[in-house]
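Student: Structure provided below as structure tokens; questions to follow.
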Amino acid sequence: MSFLEIPLSTGWAFKDGEDDNEGWMPVPVVPSVVHQDLIANKKLEDPYLGFNELKARWVNEKTWQYRHEFQSPQVPAGTTVVLVFDGLDTFATVELDGETILESSNMFLGYRVDITKALASKESHVLDVKFDCAQSKAREIRGQHPDHRWEGFNGDMSRLAVRKSQYHWGWDWGPVLMTAGIWRDVRLEVYSARVADLWPQTKLAPDHQTATVTAVAEIDSVETGSYTAHFHLSLRGQEIARQDVPVVVDQPTQATFQIDHPDLWWPHGYGFQTLYELSVSLTGGGIDLHQVTKKFGIRTSEVIQQQDKHGKSFFFRVNGVDIFCGGSCWIPADSLLPSISSKRYRKWIELMVEGGQVMSRVWGGGIYEDDAFYDACDELGVLVWQDFMFGCGNYPTWPELLESIQQESVYNVRRLRHHPSIVIYVGNNEDYQVQEQVGLTYDYEDKNPENWLASNFPARYIYEKLLPDVVSEFSPDTVYHPGSPWGDGKTTSDPTVGDMHQWNVWHGTQEKYQIFETLGGRFNSEFGMEAFPHLSTIDYFVDNDADKYPQSQVLDFHNKADGHERRLATYLVENLRMATDLETYIYLTQVVQAETMMFGYRGWRRQWGDERHCGGALLWQLNDCWPTISWAIVDYFLRPKPAFYSVKRVLKSLAVGVQREHHDWSAVHAQPPTRSEYTMWIASSLPEVVYGTVELRFISIVTGQDLQPPALFQKVAIVPNDTTNLIKDGVIDHIAQSEPHVLAARLWVDNKVVARDVDWPQPFKYLDFADRGLEVKQQPGSVSGQQIINISSRKPVKCIVFEERENVRLSDSALDIIPGDEQVITATGLKEGDSPLKFRYLGQ
Ligand code: BMA
């Protein structure tokens, strides 16, 4: 018979596992986790509101049981019925009619159980899934291994014992919500034979003129018979090749296709995201048995690590083109994972594209993401840096755990390997930092994996043996890197090799963000600055108006970062005039974040042109898993903070930069400098030379007047994929020119302004922002649903931020406005009659 899929998404009930059989409650839909089901049954208040997280603690401490009753499907003799779970969170015992058919202990694995025999014996069945309490189970397992050093940061260290998403134990941006449940699809599969796996392995010739696609199918046939696999290759709905291959039992079934002049897959901004489609249909005995389709892209991808004047490079090259990877780190988009729809995943990736970001780092304390995430990255052209799921800890390695990790990594690499977006697998997040900080043994010269296992840092075996072996067997063309950060076994803070997490802004030594560019390494895979979300998000989780002040207990409760009060305060006090009303305070934290990110990305992107000194920058973090105060530049509700726009501007394919040298005012007791050097440059990620005009103005912050005639650079040849230096040794004489002033640069290409940058005297708190003469004209909504907003000003204005309204998208925000340079932005989604968008700016 043909392959049949029977989803088991409805008709479930659940109850407290220790309860008698009275307490069954309906489950609206599976996949789900218990918190969602309790909320639906009004047994739990939304844990994202106020202090409700605390009221949800009891849920974490319980066992839970899910039940589904069903009838045997009518199936002909000789067919197999398999119960398939794409994911169980986490310690689950599955019983069919009272018999245990599966015991699971790894959330990151899919499970298949053949239940043909059990179903044949009678008509009606009861399927029970009993979830043990992961929190206490973890502690129990930890207790059994007293010799292991349970060290790390974030959450309870017993988490290291369990293959469950680590942020469920709480993180410095997330609540403690220990979910349990059937968190991914569950179904019955009925078949006589099926396609168990299909992998389009592609090889692009160095000249890009041809590509070879080896289609590898794995066939499960329950009967010996003669089967044929029909492979079809198509592009944009048109079949371009086909091959029929007889199936040999227990051997992979393969077909090889040659494609001339293949259409390549590119990250966005560099070309099209062409996806080919490979499908295989299995036939036997004259019937179509099963069909599986995979979309894939044709591209090469490398990480170039070679000696150079800065040490050893670390940058990505796709289809032969060096890509500066400006992007961000990704955490799970919800603490209640099944609540994230495919649509919501897509919106996140669309936002990345809108923000000029080309790389997303799926961080190791979350999950191997949903297919919808990678599909969106493939379709929209966002490169993926994929961590394996280990984070901030010294992981143990007893044999059953290693076995489970082996299965998990094979399962996920096989699931993900056709995605062209995934360009690197990385062993873990910051586990080498833990090794350093707590002084675990790591002798890089010792190459014997058995010794690693016997050491007090046994997980080295996972990162340097188990995982690289899995990647080279199952996805041999994808780069593997042992950890983030990591570089050739050197200290993780070594800026000359590998990737680096730079937390000396915010955490660590709390450096001034103005010098961020000097703190980078060869690839900056983490760095961040917190900012409050917009007021609408705070309004969602803070009920009581009396709590709407910056230091209220509920706001502190929603900020899980250690020492956040001191760190936020430090950066605010150093840079801005303080405010205590919530709206202004929110705005000020956002200005600091936007500036910090700008200073980092702008400088690092400039360094790209200096022999790839910096290969990329992935800020911590794009998103949130609940409404919170964190380093996210876009909040839980997908509302961009101002930093989203400041990053977007510095990542544009053409970006002009102007910057005076950093004058450390606090080191010289707030003395003003007598002279400052400045530089100006253009960063380009374009493939070809373009010609542009650049203007640099010196404008008084006090009067708005030009203090000297603008400098003009005509017909500048902008070097492709590089940095073009325009001014290397400009000098401002602050004695001759005592009025504080901005340096304002604009770049025109084809008579259009394509980039701007404004350099301000630092810190902002010393500047007088009175009487700016700002004018914002918001014209009524037009037919196209786009509203034009014209912004102009008599004196320089810092960081005008517009309201982020539901379903309204802004083309830009967080802008600096310079006299004589009106800026025009669009707001898409505003309707006729809607009130104008609110806005604010510095010193207002
Ligand atoms: C990084 C991450 C996370 C953490 C963040 C902020 O190092 O890997 O563990 O949330 O710092 O502290």
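Student: In degrees, nearest 10, range 0 to 90: what is the angle between the Cα axis of helix 582-608 and the longest Cα principal axis of the chain?
Tutor: Long axis of 582-608 versus the principal axis of the chain: about 90 degrees.
Student: A further question on this structure: Set Lys and Arg Cβ to +1 and Asp and Glu Cβ to -1, take the dipole of region 4-189 about its Cα centre, and tell me which of Ala138, Val59, Gly181 lies farthest positive.
Tutor: Ala138
Student: What net charge is computed for the residues neighbouring Asp757, neighbours being all others with C-beta under 10 Å from the C-beta of Asp757, Lys and Arg scored +1, Asp and Glu -1?
Tutor: Counting the neighbours of Asp757, the net charge comes to +2.
Student: For Asp469 and Asp288 in one chain, what is 0.36 nm times their gap in residues minus the Cα-Cα distance, to one decimal in nm?
Tutor: Length difference between fully extended and current span is 61.5 nm.
Student: Right, next: Below 8 Å, C-alpha to C-alpha, sequence gap of six or more: please give me the relative contact order for region 48-190 in percent.
Tutor: RCO, region 48-190: 34 percent.
Student: Right, another one. Starting from the Cα-Cα distance between Lys777 and Arg577, subtract it from 0.36 nm times their residue separation and give me the gain in nm to one decimal.
Tutor: Between Lys777 and Arg577, full extension yields 69.2 nm more.
Student: I would also like to ask the following. If I fit a long axis through the Cα atoms of helix 371-380 and take the longest principal axis of the Cα atoms of the chain, what angle between them do I get, 0 to 90°, rounded to 10?
Tutor: 50
Student: Still on this structure: Counting other Cβ atoms within 10 Å, keep those with at most 14, restrict to DSSP loop, and tell me which GluC sites (Glu not before Pro) in region 76-165 are left.
Tutor: Those that pass, being in a loop and sparsely packed, are Glu123.
Student: In region 772-823, which GluC sites (Glu not before Pro) fall in coil by DSSP and have 15 or fewer other Cβ atoms within 10 Å?
Tutor: In loop regions of region 772-823 (DSSP not H, G, I, E or B), the sparsely surrounded GluC sites (Glu not before Pro) are Glu806, Glu822.
Student: Leaving out ligands and nucleic acids, note down the accessible area per residue over region 4-189 with a 1.4 angstrom probe, in whole Å².
Tutor: Per residue, region 4-189 has an accessible area of 40 Å².
Student: Going through region 368-466, which chymotrypsin sites (Phe, Trp or Tyr not before Pro) have at most 11 other Cβ atoms within 10 Å and a DSSP loop state?
Tutor: Tyr444
Student: Counting only protein heavy atoms and a 1.4 Å probe, tell me what percentage of region 192-296's accessible area is made up of carbon and sulfur.
Tutor: Summing carbon and sulfur atoms, their accessible area is 47 percent of the total for region 192-296.
Student: Which distance in Å, rounded to a whole number, links the C-alpha centroids of region 148-200 and region 415-455?
Tutor: Result: 19 Å between the Cα centres.
Student: Using only Cα atoms, what Kirkwood radius does region 55-166 have, in angstroms?
Tutor: Result for region 55-166, one decimal place: 16.1 Å.
Student: Hey, can you find the accessible area per residue of region 435-508 for me, probe 1.4 Å, expressed in square angstrom?
Tutor: I get 40 Å² per residue for this part.
Student: What shape does region 620-668 have by the C-alpha gyration tensor, where a ≥ b ≥ c are the square roots of the eigenvalues, rounded means a/c under 1.5, and otherwise prolate means a/b greater than b/c and oblate the rest?
Tutor: oblate
Student: What does the charge add up to near Val650, with Lys and Arg as +1, Asp and Glu as -1, over the other residues with Cβ less than 9 Å from its Cβ?
Tutor: Overall, the nearby charge balance is +4.
Student: Spin-label point model (7 Å from Cα, Cβ direction): what's the Leu707 to Asn52 distance in nm?
Tutor: 5.4
Student: Right, next: Would you calculate, for the chain, the mean residue ellipticity at 222 nm contributed by helices, counting each DSSP H stretch of 4 or more residues as -39,500 (n - 2.57) and dividing by all residues, to the nearest 500?
Tutor: -5000 deg cm²/dmol
Student: Moving on to the next point. Let me make sure I get this right: for region 311-650, a, b and c are the square roots of the gyration tensor eigenvalues over alpha carbons, sorted descending. Under 1.5 in a/c it's rounded, otherwise prolate if a/b > b/c, else oblate. Which is it?
Tutor: Judged from the Cα gyration tensor, region 311-650 comes out prolate (a/c at least 1.5, a/b above b/c).
Student: Could you report region 595-682's accessible area per residue, 1.4 Å probe, as an integer in Å²?
Tutor: Normalised by residue count, the accessible surface of region 595-682 is 25 Å².
Student: State the Cα centre-to-centre distance between region 739-772 and region 576-655 in whole Å.
Tutor: Each part reduced to its Cα centre gives a spacing of 18 Å.
Student: Leaving out ligands, DNA and RNA, what percent of the accessible area of region 769-844 is carbon and sulfur, probe 1.4 Å?
Tutor: 49
Student: Rounded, prolate or oblate: which fits the chain, taking a ≥ b ≥ c as square roots of the Cα gyration tensor eigenvalues, rounded meaning a/c under 1.5, else prolate when a/b beats b/c?
Tutor: prolate
Student: Name the longest site-free stretch of the chain, where the excluded sites are trypsin sites (Lys or Arg not before Pro) in a DSSP loop with no more than 10 other beta-carbon atoms within 10 Å.
Tutor: Maximal segment without exposed cleavage sites: 448-844.
Student: Full extension from Glu739 to Glu123: what is 0.36 nm times the residue separation minus their Cα-Cα distance, to one decimal in nm?
Tutor: 213.0 nm is the gain from fully extending Glu739 to Glu123.
Student: Going by alpha carbons, how many degrees (0 to 90, nearest 10) lie between the helix axis of 342-354 and the longest principal axis of the chain?
Tutor: The helix 342-354 is inclined about 30 degrees to the chain.
The values are calculated or read from the model by the stated rules, or taken from the named source; none is laboratory data. Remember, it's a predicted structure, so these values are computed and weren't measured experimentally. For neighbour counting, all protein chains shown are included, and Cβ atoms are generated from backbone atoms with ideal geometry for every residue, glycine included. Keep in mind that these areas ignore ligands, DNA and RNA; they rest on the heavy atoms of the full protein, side chains included. Shrake-Rupley method; radii C 1.70, N 1.55, O 1.52, S 1.80 Å.
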